[in-house]
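Working notes, beginning with the structure itself.
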Ligand SMILES: Nc1nc2c(ncn2[C@@H]2O[C@H](COP(=O)(O)OP(=O)(O)O)[C@@H](O)[C@H]2O)c(=O)[nH]1
Ligand SMILES: [Mg+2]
């Protein structure tokens, strides 16, 4: 495994999508609550709060059920549902919320030796960004001034323009 | 501006839907705004590869780019020093109207994009009708592609006149009509020097000046989501739809009419202050226990309780809504089986022309539908209490239409 041995799409698919499928089947989950957000990626910007997924995991982005106001479809024949309660929050909102509520954070987000992770996924594909932010306050100040997209350190977004879409339609989070 | 506050910040939120006929330039306008506003601190620069093809800022799917057509709705954020703007792009194609609605039902205001070379088209009318129906009455018209009209004033005035008249017929007083070249940025953020005869605001300036109408009543409406049991105590949970609720308040449970008193407001961390509009809280009540779907309200200002709700319905599904058919009506937290008792005043949303009185309600048609409900439902006129004045109709859990209580 790892993108040096196989291409990034195959790697992500194996490490995340296939592994997730096994976990859902093994645990018998009917729904997953996920923290994805619209501002992370142009394809995630098209998500719904409630997203039904078929047995083979596919997400048919062009034919999603209508989601009118906050009257979400809660009964369906989907194999499982994905629920995205943070969809409308931005990266900065999340950090301000972490600060306001005093939520503990993974130390990888804080700078060490001039670098920190801004977006954390699988080890093979995430690169740290140059940063001196060692506290939540400093992360907020850094982001308020930044013009780099959040997932700049994520290799799978760069591989091919539509990798993210392909991954998501296969069930990637 | 709407009183909503985002979860992480303190700034007000203004959500703007870009609507109009396919290819009139909705996505291009959003992309161009995003590009020109990306100098804002904390805003990522627009990917250089989309330069000149501004629609690609929101059209990110492979099939959207290949077909040069928006398929799904997208939301893009822009934090300005005074507010957060959310631009909601929607598809203009008729087959994708459900995606348009998923976007538009979340908007506070809209920009209706009208291409100068084509003028008012089928989806321009249909989208305008849906805005009126959804209660989005704050609308700016962008007359786009002015380059195809040599940026001429007379051509603009003619389109401006038509647009204002058609929208007025739907009950929408426009907040401004702006000549635009979205592709080149004329009157998008900066005022255009190439159209000196126009001295009004740019699209972004006009958005900055929008005044949203505030809900007219502030009586308490608390739709019950459910009842949680903890330490032998029943806590009634839900989100305050309107007004506020304090400990000691005497309330009526609708539709039953039972009287209850609020013994405690429960939230985490513990705080007994009154719960405000938009807040999700638990209530411990003295009196008969309500259930999911019930609405708590003050005895002196109750919502409407009826077995025969009615409303203007827009139908989405391919299979028409037939007289006598049973569907589920969902409104706030209620889900009630209802039978179609009457269908009247049908309208073709493409032409805005009336249809023959008799008949089922087919896809893309609007009609007044009267229902006979299996049990009493709690509703209110949409203009008075939006959250109890809008409903979704479902067949086996799938939304097949929606309606507004008049
Ligand atoms: N001539 C001209 N073409 C434009 C202008 N704005 C957009 N277009 C083009 O019109 C087409 C449709 O634009 P798009 O934004 O995808 O339309 P949408 O379907 O309303 O989102 C694209 O080829 C754009 O490049 C404009 O101001 N002038
Ligand atoms: Mg478009």
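The values are calculated or read from the model by the stated rules, or taken from the named source; none is laboratory data. Here the structure is a predicted model, which means the values were calculated and not measured. Cβ sites come from the backbone with ideal geometry, for glycine too, and all protein chains shown count toward neighbours.
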Subset of the range A:11-49 [farther than 20 Å from residue A:79 by Cβ, surrounded by 13 or more Cβ atoms within 10 Å (Cβ to Cβ) and within 14 Å of another protein chain (Cβ to nearest Cβ)]: A:37, A:38, A:39, A:40, A:41, A:42, A:43, A:44, A:45, A:46
Filter result (at the interface with chain A (Cβ under 10 Å from one of its Cβ atoms) and away from ligand 1 (no atom under 12 Å from the Cβ)) within the range B:89-101: B:95, B:97, B:98, B:99, B:101
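This table checks each residue for (1) more than 17 Å from the chain's Cα centre (by Cα); (2) surrounded by fewer than 19 Cβ atoms within 10 Å (Cβ to Cβ); (3) part of a helix (DSSP H, G or I).
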position: A:51; (1), (2), (3): no, no, no
position: A:58; (1), (2), (3): no, yes, no
position: A:75; (1), (2), (3): yes, yes, no
position: A:82; (1), (2), (3): no, no, no
position: A:88; (1), (2), (3): no, no, no
position: A:92; (1), (2), (3): no, no, yes
position: A:96; (1), (2), (3): yes, no, yes
position: A:103; (1), (2), (3): yes, yes, no
Residue match in the range B:160-170 (condition: within 16 Å of ligand 2 (Cβ to nearest atom), in contact (Cβ under 8 Å) with a residue 12 or more places away in the chain and within 28 Å of residue B:402 (Cα to Cα)): no
Every residue from the range B:164-182 that is at pLDDT below 95 and either near ligand 1 (Cβ under 10 Å from one of its atoms) or more than 24 Å from the chain's Cα centre (by Cα) (or both): none
Residue B:40, sole failed condition from (1) within 12 Å of chain A (Cβ to nearest Cβ); (2) over 27 Å from residue B:147 (Cα atoms); (3) surrounded by 21 or more Cβ atoms within 10 Å (Cβ to Cβ): (3)
Flag for residue B:246 being away from ligand 2 (no atom under 16 Å from the Cβ), more than 14 Å from every other protein chain (Cβ to nearest Cβ) and under 15 Å from residue B:302 (Cβ atoms): no
Filtered residue count, the range B:75-97, keeping only those that are within 16 Å of ligand 2 (Cβ to nearest atom) and under 14 Å from the mean Cα position of the chain (by Cα): 6
Failed criterion for residue B:106 (all others in (1) within 22 Å of residue B:364 (Cβ to Cβ); (2) within 14 Å of ligand 1 (Cβ to nearest atom) hold): (2)
Lone unmet requirement of (1) modelled with pLDDT of 85 or more; (2) within 13 Å of ligand 1 (Cβ to nearest atom) for residue B:64: (1)
Residue match in the range A:25-32 (condition: touching a helix residue (DSSP H, G or I) at 6+ places or on another chain (Cβ under 6 Å) and more than 27 Å from residue B:396 (Cα to Cα)): no
Matching residues, the range B:52-74, being outside any loop (DSSP other than H, G, I, E, B) and surrounded by 22 or more Cβ atoms within 10 Å (Cβ to Cβ): B:54, B:55, B:57, B:64, B:74
Which numbered condition residue A:64 fails, given (1) within 11 Å of another protein chain (Cβ to nearest Cβ); (2) modelled with pLDDT of 85 or more; (3) touching a helix residue (DSSP H, G or I) at 6+ places or on another chain (Cβ under 8 Å): (2)
Yes/no for residue A:118 being modelled with pLDDT under 95, surrounded by 19 or more Cβ atoms within 10 Å (Cβ to Cβ) and in a helix (DSSP H, G or I): no
